[in-house]
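A short write-up of the structure that comes next.
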Amino acid sequence: MGTKTIENIEGQFEMFQILNENGEIVNEEAMPELSDEQLQELMRRMVYTRILDQRSISLNRQGRLGFYAPTAGQEASQLGSQFALDKEDWILPGYRDVPQIIWHGLPLYKAFLFSRGHYVGNQADGLNVLSPQIIIGAQITQTAGVALGLKKKGKKNVAITYTGDGGASQGDFYEGMNFAGAYSAPAIFVVQNNRFAISVPVEKQSAAKTIAQKAVAAGIQGVQVDGMDVLAVYKAVTDARERAINGEGPTLIETMTYRYGPHTMAGDDPTRYRSEDQDSEWEKKDPIVRFRKYLESKNLWSEEKENEVVDKAKEEIKAAIKKADSTPKQKVTDLISNMYEELPQNLREQYEEYSAKESK
Amino acid sequence: MAQMTMIQAITDAMRTELKNDENVLVFGEDVGQNGGVFRATEGLQKEFGEDRVFDTPLAESGIGGMSIGLALTGFRPVPEVQFFGFVYEVMDAISGQMARLRYRSGGSFHAPITVRSPFGGGVKTPELHADSLEGLMAQQPGLKVVIPSNPYDAKGLLISAIRDNDPVIFLEHMKLYRSFRQEVPEEEYTIEIGKAEVKREGTDITIVTYGAMVQASLKAAEELEKDGISAEVIDLRTVSPLDIDTIIGSVEKTNRAIVVQEAQKQAGIAANVVAEINDRAILSLEAPVLRVAAPDTVFAFSAAEDVWLPDHTDIIEKATQVVNF
């Protein structure tokens, strides 16, 4: 009986897709209402973000950036979901989810400062975003709290959080979903299943055939989405958002995606755990390639348009790096003065000590 | 004025702040309908409604993480960790997350969270209920750690903790919950976090302590008086940050000190107090500063608890040793 039950559950989580690999609409009735301008904007953001990733990797190799987790391959999953949000919605990102907070309003130079470990890069400037979380899953229980807070304040907004397939193994993942479910809080939990927790394939991480089905245990909605299909991701998050603000509770969304690059730029070598065949199989599903085909078929995109975006991205990235470079160097006293609202005696003394050291 | 036990004073402090500030939320395992396993939240859900005083699923990490999220949306959460031995389950949310929120956001966000939790030996609990883990908390920058020793302080300190804009770990010694009553004003008042209190003045030796060891130290001081030793007793009340001025001022007067804690000897608060005295008042000392503490084992739940826990006789012995050095 147990076996039969799990099979029944797994069967309910077929991957939701609107746009196939060839850029064809395969699920017309699910097609979200998006204007031509919005469709172009989605493409613009994905192209821009791909360039940002390429430039970030190269800046990292030149030693001009600090911690960086590559994003290429995950653009549809990251940007399609953010595009469905309201400006006042909260984003609680994982460390690979810098693009979402940039498109939510974080200035680019701050993203570079975050990468360098500079505290100014973490300042939200009035945006409803947290800085990217380093501890896998810690943001998920916090998301339940933000969502409950929004509900208690009577706001028509949601809290969305991101993690990877690895994060779905953490206790905090289940606790966050369970809390949000228990309080029917307006939360959206996005698991970007890019197939690997650094090197460990998803098949070795869990007996569950899908991550989406983990929603069942928490009693919340769950859906598996083609994470290389920006329209499907947008639609799934839009629907989840609507349910959330209508008081119908949280949703778990598993986006099936792939990171083309290494886990981070700190020495990970994907050839140790991934085959070239697997890489090229996923590159065929590329979110930008298929969306470009679709938009070109509607006469909404051209090489010229794309070049404009690329040039603009390069220009803005250059300016942002310059701005990051000209930001005053972080001091130990900046750390000290941000530990408490009012400094206790030990930190007051240490502030004096380091002020003297750092003014030399 | 009313005669209150420490647990009544704690309930009174939460009631006061629930009334004062609509953003104060009280929650945790069994704190709603049941009023808490020690009845610390007795009657609060009935008075303030389920929206503000509520039960949570049984998951400490979730409680900690949810507190941070609620703080981000403008609330002032007062979560309960049912027993402080369970803190290991919520260490990341406390030390990895709420303690760092102010710095990590470059000052954009802060975590006005008061984590209340019962701890302390002498009440025969099962394992991982009674352990004194304040030293773990004190090592984390960004947190404040408060341990009241009596009903009056408990109310004033808890109100201050709830109003504080940084996270406060508020540890309530189980043995003190109902061991004695004290006059506690019904109106609101605060006691400044980070300020110690001289409980008894003396001239020959300073006894620095906190929590349930304050009573034991006062008892020891009375006995010592009979032997002609005049002991000054300092109740730290806040173990992080330390009230360095009060400690040093006293040691400069008495020239001798011992530090008394219920926790294991290794690392911890007493070691930190000794180090501060060495750093700042070594030339005032006539004798080494010694510690009274439990042995460096895990807590002796139930069976050997009475011997394991330091008591007034241990304090008298160490104090005499220091005075006769």
Rounded, prolate or oblate for the stretch A:2-328? Axes are the square roots of the Cα gyration tensor eigenvalues, ordered a ≥ b ≥ c, and the cut-off for rounded is a/c under 1.5. rounded
Extended-chain gain in nm, criterion 0.36 nm per residue less alpha-carbon gap, residue B:20 and residue B:279: 89.0 nm
Where does chain B land at 222 nm, in deg cm²/dmol rounded to the nearest 500, when only DSSP H runs of n ≥ 4 count, each adding -39500 (n - 2.57), divided by all residues? -10000 deg cm²/dmol
Counting only protein heavy atoms with a 1.4 Å probe and every protein chain in place, the carbon and sulfur fraction of the accessible surface of the protein assembly as shown in whole percent equals 47 percent
Hey, can you find the accessible area per residue of the protein assembly as shown for me, probe 1.4 Å, expressed in square angstrom? 40 Å²
Which residues of the stretch A:97-140 show a drop of at least 20 Å² in accessible area when all protein chains are present, compared with their chain alone (probe radius 1.4 Å, heavy atoms only, ligands and nucleic acids excluded)? A:119, A:122, A:123, A:124, A:130, A:131, A:133, A:135
What ranking, highest mean first, results for peptides A:335-341, A:238-244 when packing means the other Cβ atoms within 10 Å averaged over each residue? A:238-244, A:335-341
Lysines within cross-link reach of residue A:360: Cα-Cα under 22 Å, excluding same-chain residues under 8 positions apart? A:329, A:331
Identify all lysines with a Cα-Cα distance to residue B:175 below 30 Å; exclude those on the same chain that are fewer than 8 residues away in sequence. B:19, B:46, B:124, B:144, B:155, B:195, B:199, B:219, B:226, B:265, B:318
Under a 1.4 angstrom probe, counting protein chains only, how are A:264, B:246 ranked by accessible area, largest first? B:246, A:264
Could you sort the residues of the stretch B:144-178 by number and keep only those whose accessible area is reduced by 30 Å² or more in the all-protein-chain setting relative to the chain alone, 1.4 Å probe? B:165, B:166
Given a cut-off of under 8 Å on Cα pairs at least six residues apart, what relative contact order in percent is computed for chain B? 17 percent
If r is the Cβ-Cβ distance from residue B:58 to residue A:64 and R0 is 56 Å, what FRET efficiency results, to the nearest 0.05? 0.70
Calculate the FRET efficiency for residue A:350 and residue A:24 from the Cβ-Cβ distance with a Förster distance of 60 Å, rounded to the nearest 0.05. 0.45
Of all DSSP beta bridges located in chain A, what percent are antiparallel, nearest 5? 10 percent
Of all stretches in chain B that avoid GluC sites (Glu not before Pro) placed in a DSSP loop and having at most 13 other Cβ atoms within 10 Å, the longest is B:202-285
Once accessible area is computed for A alone, B alone and the pair with a 1.4 Å probe, the total buried surface, to the nearest 100 Å², works out to 3400 Å²
Could you point to the residue in B:310, B:107, B:170 farthest towards the positive end of the protein assembly as shown's charge dipole, with +1 and -1 charges on the Cβ of Lys/Arg and Asp/Glu respectively? B:107
Cα centroid separation, the stretch B:44-88 to the stretch B:104-164 (Å): 14 Å
Which residues in the stretch B:73-107 place their backbone N less than 14 Å from a point set 7 Å from the Cα of residue A:335 along the Cα-to-Cβ direction? B:100, B:103-104
Given a Förster distance of 35 Å, report the FRET efficiency between residue B:179 and residue B:324 from their Cβ-Cβ distance, rounded to the nearest 0.05. 0.60
On a straight-distance basis, which lysines could pair with residue A:318 in a cross-link, Cα separation under 18 angstrom, same-chain partners fewer than 8 positions away excluded? A:110
Taking Cα centroids, how far is the stretch A:68-139 from the stretch B:179-245 in Å? 49 Å
1.4 Å probe, heavy atoms, protein only - residues of the stretch A:331-357 losing at least 20 Å² accessible area vs chain alone: A:335, A:338, A:339, A:340, A:341, A:344, A:345, A:346, A:349
Kindly write out, for the stretch B:266-282 in residue order, the coupling ³J(HN,Hα) from the Karplus curve 6.51 cos²θ - 1.76 cosθ + 1.60 (θ = phi - 60°), rounded to whole Hz, with x marking Gly and Pro. 5, 6, x, 5, 4, 4, 5, 5, 4, 5, 5, 5, 4, 5, 10, 9, 4
Dipole check, chain A, charges on Cβ (K,R +1; D,E -1), about Cα centroid: among A:114, A:251, A:225 the Cα furthest to the positive pole belongs to A:114
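The values are calculated or read from the model by the stated rules, or taken from the named source; none is laboratory data. The model shown is predicted, which means the values in this text are computed figures rather than measured ones. Cβ coordinates were reconstructed from backbone atoms using ideal geometry, including for glycine residues, and neighbour counts include every protein chain displayed. In case anyone asks, the SASA skips ligands and DNA or RNA and just uses the protein heavy atoms, side chains included. Shrake-Rupley method; radii C 1.70, N 1.55, O 1.52, S 1.80 Å.
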